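Here, each number is a calculation from the coordinates, and none is a lab measurement. Bear in mind the structure is a predicted one, so any value in this text is a computation, not a measurement. We place every Cβ from the backbone using ideal geometry, glycine too, and count neighbours over all the protein chains shown.
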Amino acid sequence: MPETAGGWSTDPVIVEYLRYRIPEPSAAAFEAAYRRAGAVLATAPECVDYELTRCVDDPAQYILRIRWRSAEDHLGGFRNGPAFAAFFAEIKPYVDAIVEMRHYVATGVEGRGGAVPTLYEWAGGAAAFERLFTAFYQRVREDAELSELFRAMDPEHPRHVAAWLGEVFGGPAAYSTQRGGHPHMVGMHVGKGITERQRRRWVELLQDAADETGLPADPEFRAAFTGYVEWGSRMAVLLSQPDTRPDPDAPMPAWTWALPPWQPPAG
Ligand code: HEM
């Protein structure tokens, strides 16, 4: 099983579905038992997350979805591990009510609906990103720390980076279709030897430009924005080092909210 430096598995997760048929008189006790069993799952390193849902049309039907780090982690690790006895003690009375208990794998068919605005829409679309990067690169050109690094910058650079960020934030695929996509962006950083000090200054100037150009300042948007800028700028530093060989097939990043977008209080 491939693991990251921190020991976390990078294998795709496996999804276990358990369908139950629970008569109405037992429903409350069943949900309470799973609430207690859930507290056990929360301590199990093999479990990614879980959710119990109840059918609206036929309330006797419940579906429990548990995502495991792998089938092996579920069947070997969890079932033989220290948490299993406490978990099973809670759900044992309902074993006979199980209608289906199987593992599923993702097909890659997945996505978000239109209910939540993209970061691109929330920011104000292409015009907002162009304003941001025009102001930002003006600051960069005048900055003692960064101006030399950007000496040969294309006059269209602010528009290109605006197209990049717009696409990463869920807008049109303009950078991929018109500017060479992820490999081109990566290639522009290779060999530049960006230092941590330069990265910090880059991030600071971008935050200043965000305030100056009136990018939404609500905590949820700025958390997502800053998260991306932190990640992206650290990637730029890594990619720019002499010994780094970038993966040419790395996909275009797709960034989204860490928390749902801010809404004014009702009433
Ligand atoms: C979130 C972080 C970053 C993003 C999204 C980003 C994005 C981009 C993109 C899209 C390009 C290519 C534009 C084109 O198609 O012409 C580019 C080029 C470049 N980036 Fe970044 N970048 C980031 C961080 C940094 C940092 C931290 C530095 C240095 C402090 C840096 C320095 C450069 C330089 C020097 C170029 C080439 C500019 C030129 O000569 O035209 N980037 N960047």
Where the centre of each part is set by its Cα atoms, how far does segment 95-171 sit from segment 37-67, in angstrom?
33
Subtracting the Cα-Cα distance from 0.36 nm times the residue separation, let me have the gained length for Ala127 to Ala42 in nm, one decimal.
26.2 nm
Along the dipole axis of the chain (charges at Cβ: +1 for Lys and Arg, -1 for Asp and Glu; origin at the Cα centre), the most positive-end residue among Pro264, Ala236, Ala27 is Ala236
Return the distance in nm (one decimal) between the two label points of a simple spin-label model at Ala115 and Gln138, each offset 7 Å from Cα along Cα→Cβ.
4.1
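Normalised by the residues of segment 14-104, what does the relative contact order come to in percent, with Cα pairs under 8 Å and at least six apart?
Values: 138 pairs, mean separation 43.9, N = 91.
About 48 percent, as a whole number.
Which whole-number percent gives the relative contact order of segment 99-188, counting Cα pairs below 8 Å spaced six or more residues apart?
Details: 53 pairs, mean separation 27.5, N = 90.
Over segment 99-188, the number comes to 31 percent.
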Per-residue [θ]222 nm for the chain (sum of -39500 (n - 2.57) over DSSP H runs n ≥ 4, rounded to 500)
-13500 deg cm²/dmol
Qualifying GluC sites (Glu not before Pro) in segment 171-267, DSSP loop, other Cβ atoms within 10 Å at most 14:
none
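Based on other C-beta atoms within 10 Å, arrange Asp96, Asp143, Asp218 from fewest to most. Please report the intermediate quantities before stating the final value.
Numbers: Asp96 8, Asp143 18, Asp218 11.
Lowest to highest Cβ neighbour count: Asp96, Asp218, Asp143.
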Segment 190-232 residues near the modelled Met153 label - backbone nitrogen below 14 Å, point 7 Å along Cα→Cβ:
199, 201-210
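Would you please name the chymotrypsin sites (Phe, Trp or Tyr not before Pro) within segment 122-178 that are DSSP coil residues with at most 10 other C-beta atoms within 10 Å of their C-beta? Intermediate values should be presented prior to the final figure.
Details: sites: Trp122, Phe129, Phe133, Phe136, Tyr137, Phe150, Trp164, Phe169, Tyr175; in loops: Phe150, Phe169.
Filter output for segment 122-178: empty list.
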Taking the Cα atoms of the chain, what is the range of coordinates along each of the three principal axes, in descending order and whole Å?
71, 52, 31
Stretch gain in nm, segment Glu212-Val190, where the contour uses 0.36 nm per residue and the Cα spacing is subtracted:
4.9 nm
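How large is the dipole of the chain about the Cα centre if only Lys and Arg carry +1 and Asp and Glu carry -1, each at its Cβ, rounded to the nearest 20 debye?
Details: 26 positive and 36 negative charges, 33 e Å.
Charge dipole, the chain, about its Cα centre: 160 debye, nearest 20.
Evaluate E = 1/(1 + (r/R0)^6) for Val95 and Asp58, where r is the Cβ-Cβ distance and R0 equals 35 Å; express this FRET efficiency to the nearest 0.05. Mind showing how you got there, number by number?
Details: r = 21 Å, r/R0 = 0.59.
With a Förster radius of 35 Å, E is 0.95.
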Could you calculate the contour length gain from Thr226 to Thr107, that is, 0.36 nm times the residue separation minus the distance between their Cα atoms, to one decimal place in nm?
39.7 nm
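Just need the relative contact order of the chain here, percent rounded to a whole number, with Cα pairs under 8 Å and 6+ apart.
Numbers: 329 pairs, mean separation 47.6, N = 267.
Relative contact order here is 18 percent.
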